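Visitor: Take a look at the following structure, please.
The values are calculated or read from the model by the stated rules, or taken from the named source; none is laboratory data. Here the structure is a predicted model, which means the values were calculated and not measured. Here the Cβ is made from the backbone with ideal geometry for all residues, glycine too, and neighbour counts use every protein chain on show.
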C-alpha cells in the first residue's frame with residue numbers, strides 16, 4: 001500500500017477496539033483514523049505472506065472463496081455499507097462492489113461451489129483498496145461526530161467496516177493455514193510461539209453454582225454486533241470443568257483408541273461428515289512417516305503436544321462422547337452460560353481496557369497457539385485466548401434482539417440451530433473479537449483456530465429450536481407470500497406469474513429471474529413453468545426465509561394480533577402445490593442495480609413491487625435489457641409509491657410534473673424502455689392485500705406492464 005497507509009498506521013499488532021464515549025471529539029476522530037489504518041496495515045501484512053500473486057487465486061479451503069475474494073471483500077464492504085447509509089452517493093467500482101459483495105454461505109461439508117468467477121488482477125484490487133482507504137479517511141475527517149457513538153451515528157458503519165475487516169483477518173489466516181507452503185514466505189509479524197513440550201495432565205475442577213446475565217445494552221461503550229445486544233439471565237448449576245483446554249497430546253488418546261473409526265462416539269451429523277471426509281486426525285495435523293507434525297500459519301513443525309487441539313465441533317463432541325464412555329461421567333462441551341460463569345468468577349479484565357492481554361489473544365504474544373498451561377486464571381488456564389472454545393450452544397438472539405438495518409445478514413442466517421457458538425477468542429482475535437461479549441458462530445464442520453474445554457454436568461441443556469421468525473417486516477412478508485388470501489384477493493405473486501405466462505405461450509421457458517424476490521413466492525410459482533429460476537433480493541433476511549422454504553418446505557413465524565398478543569404460524573409449500581421443481585431455483589442476495597455478470601440469458605425477468613424502492617431505478621432499467629434474451633419478456637409490477645426515503649426525487653421515473661404536465665410512471669417506463677422493448681399488454685392493476693394486524697389490512701393495487709425485448 002502507499003504512503004497514506006504507512007503514514008497513518010502506528011503498529012498493527014496490539015491495537016484495541018475503540019471506546020465510543022470517552023475523550024474529546026477530535027481525539028476520537030484521530031483514534032478512529034489510527035484504528036482504520038492499523039487494520040488495513042495488519043491485513044496487508046497477512047497477505048504479504050503470499051510469495052506470488054497466483055496464490056490469491058488458489059482455493060485452499062473448498063468451502064470458501066480463494067483469497068482474492070476476501071482481499072477485495074473487506075474493502076467493498078465499506079463501500080456497500082456507506083452507500084446503504086447514504087453517506088456516499090457514488091460507487092467507486094460497481095463491478096468490484098458486485099463480485100466482492102457476498103461470500104460463500106455453504107450449508108454442508110460437501111457443498112462445493114464450483115462457480116467460475118472472473119476475478120480481477122491483484123494490482124487492480126490493490127489500487128481499489130487504496131482508493132477506498134483514502135475515501136474512508138476523508139469521511140472520518142469531514143463527517144460530523146458526536147459522542148457517544150451510537151447505532152444511528154454516521155461513524156457506526158465506519159466502525160462496522162473496521163471490525164468486519166478484523167474478522168476476515170482471522171478467517172483468512174485459517175485459509176492461509178491450509179495453503180501449500182510453496183506459496184508462502186516467512187514474515188516478521190507472524191512469530192510462532194517457541195514453547196513446545198509434552199502435554200500436561202488434565203483434570204476436572206469443581207465450579208460453584210451461580211447466576212449469569214448475558215448480553216449488553218445499547219449504551220455499552222464498545223462496538224457490538226447485533227447478536228451481542230439484549231439480555232438473558234440464567235442459573236448455572238454447579239459443574240466441573242477441565243483445568244486446561246484439550247491439548248494435542250490429550251486428543252491423541254482419542255485417535256489411538258480408534259475415535260475416528262467408531263460410529264458410537266459421533267452424532268449423526270458428525271458420522272456423515274466422517275464418512276464423507278474420511279479424516280484420521282484434525283485438519284491442521286500432518287502425518288509424515290508415522291510422525292505427527294502441526295501446520296502453523298506459515299510452516300510445519302514438530303507436534304507441540306502441549307498446545308490446544310484445534311478441531312471442529314463434530315470432533316470435539318465425539319471426544320466428549322468418548323470420554324463419557326471411558327470415565328462413566330456425563331462429559332460434554334460447556335454451554336454459553338457455563339463459559340460466561342467461569343469468565344465472571346475470575347473477574348477477567350476486558351479488552352480494550354486491559355494493560356496487557358491476560359491470555360494469548362489480540363496478537364499481543366504470538367501468532368500461533370501456545371502451551372495450554374502457559375496462561376493461568378486461578379486454577380484454570382486459557383479462559384480467554386489461545387484458541388476459540390466450542391460450546392454446546394447453537395447461537396440465537398437474546399431477548400430484545402434487533403437487526404441492525406445496515407447489516408441484516410450478520411446474525412440472522414446463523415439462527416438456524418446449525419451454527420454453534422465459539423467463545424473466548426484465539427491468538428489472532430483482535431478488536432471486537434477479543435471482548436467478552438463477542439458471540440461468533442460457525443457450522444459444526446467448520447475449522448477456525450478453535451479448540452475446546454470439556455465439562456462434567458448434569459444440568460439440562462436448553463433444547464435448540466429454530467426461532468419463530470419475529471422480525472415484523474419479515475414475518476409480514478412470510479404471511480403475504482405464503483399465508484391465506486383475504487377478501488377473495490389472489491396472491492400477488494401467483495397472479496402476476498399467471499398473467500406473464502399468458503404472454504409466454506409458445507415462447508422459450510428455459511430461464512426466469514425473480515428480481516426483488518423477497519421471501520420467494522414468485523420464484524416457486526415460476527419454477528412450475530421454467531427449467532431454471534433465479535431469485536434475487538437485497539435483503540439477506542428475506543433470502544434466508546426463501547432458502548428455508550426451498551430446503552425444508554416449511555417456515556414458521558409469528559404475527560402481531562393486537563398490542564403484545566402474537567399468533568404463531570406454519571406454512572408449507574405442499575399446501576400451495578408448489579412442492580415440485582424447487583430444486584430448479586437458486587436464491588441469491590444481490591442489488592438489482594448492480595447485478596453480477598452471470599445473471600443473464602433470461603426468457604423472463606419479473607420485478608414485483610421493486611422499482612419504487614430502488615435508489616436509481618433508471619440504472620436498473622438501463623441494465624436489465626442485457627439480462628434478457630431478444631424476444632424475452634420483462635414484467636414490472638408496482639404501485640408506484642415513490643418516497644424520498646427510498647428514491648431521491650430527482651430519480652423518480654414518474655409521479656411528477658414534467659414541463660408543467662402530469663408525467664406518470666408508465667410514461668417514464670415507456671421513455672426508458674421504448675428503444676429496446678415493446679409493451680405487449682394493456683397495463684393491468686393487480687390487487688393485493690397485506691395483513692398488518694388481526695383487524696388492519698392494506699388493500700393496494702400494483703400495475704403490471706409486460707414488455708418484450710426487441711433489440
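Visitor: Has the stretch 510-526 got any residue that is surrounded by fewer than 17 Cβ atoms within 10 Å (Cβ to Cβ), at pLDDT 95 or above and not assigned by TED's automatic domain parsing to the domain that holds residue 285?
Guide: Taking every residue of the stretch 510-526 in turn, at least one turns out to be surrounded by fewer than 17 Cβ atoms within 10 Å (Cβ to Cβ), at pLDDT 95 or above and not assigned by TED's automatic domain parsing to the domain that holds residue 285.
Visitor: Given the residues 408, 416, 373, which is the only one that is more than 21 Å from residue 314 (Cβ to Cβ), at pLDDT below 95, outside the structural domain of residue 39 (by TED's automatic domain parsing) and in a loop (DSSP other than H, G, I, E, B)?
Guide: 408
Visitor: What about residue 685, is it at pLDDT below 95, touching a strand residue (DSSP E or B) at 6+ places or on another chain (Cβ under 7 Å) and surrounded by fewer than 17 Cβ atoms within 10 Å (Cβ to Cβ)?
Guide: no
Visitor: Still on this structure: Would you check if residue 68 is under 25 Å from the mean Cα position of the chain (by Cα), at pLDDT 95 or above, surrounded by 17 or more Cβ atoms within 10 Å (Cβ to Cβ) and more than 29 Å from residue 151 (Cα to Cα)?
Guide: When the stated conditions are applied, residue 68 passes them.
Visitor: Regarding the stretch 481-490, can at least one residue be identified that is in the same structural domain as residue 606 (by TED's automatic domain parsing), assigned to a loop (DSSP other than H, G, I, E, B) and more than 30 Å from residue 695 (Cβ to Cβ)?
Guide: no
Visitor: So, one more: Select from the stretch 304-333 the residues that are crowded, with 19+ Cβ neighbours inside 10 Å and either at pLDDT below 95 or in a loop (DSSP other than H, G, I, E, B) (or both) and list them in ascending order.
Guide: Answer for the stretch 304-333, where residues must be crowded, with 19+ Cβ neighbours inside 10 Å and either at pLDDT below 95 or in a loop (DSSP other than H, G, I, E, B) (or both): 304, 305, 306, 307, 309, 310, 311, 312, 333.
Visitor: Also: Just for the stretch 555-576: of the residues that are over 12 Å from residue 521 (Cα atoms) and modelled with pLDDT of 90 or more, which one is nearest to the chain's Cα centre (by Cα)?
Guide: 559
Visitor: Take the residues in the stretch 334-352 that are in a loop (DSSP other than H, G, I, E, B) and in contact (Cβ under 8 Å) with a residue 12 or more places away in the chain, then tell me which one is nearest to residue 305 (Cα to Cα).
Guide: Taking the candidates together, the pick is 334.
Visitor: Quick check, is residue 365 under 23 Å from residue 173 (Cα atoms) and surrounded by 17 or more Cβ atoms within 10 Å (Cβ to Cβ)?
Guide: yes
Visitor: While we're on this one: Can you confirm whether the stretch 615-633 contains a residue that is under 30 Å from residue 562 (Cα atoms), in contact (Cβ under 8 Å) with a residue 40 or more places away in the chain, assigned to a strand (DSSP E or B) and in contact with a strand residue (DSSP E or B) (Cβ under 9 Å, 6 or more places away or on another chain)?
Guide: There is no residue in the stretch 615-633 that is under 30 Å from residue 562 (Cα atoms), in contact (Cβ under 8 Å) with a residue 40 or more places away in the chain, assigned to a strand (DSSP E or B) and in contact with a strand residue (DSSP E or B) (Cβ under 9 Å, 6 or more places away or on another chain).
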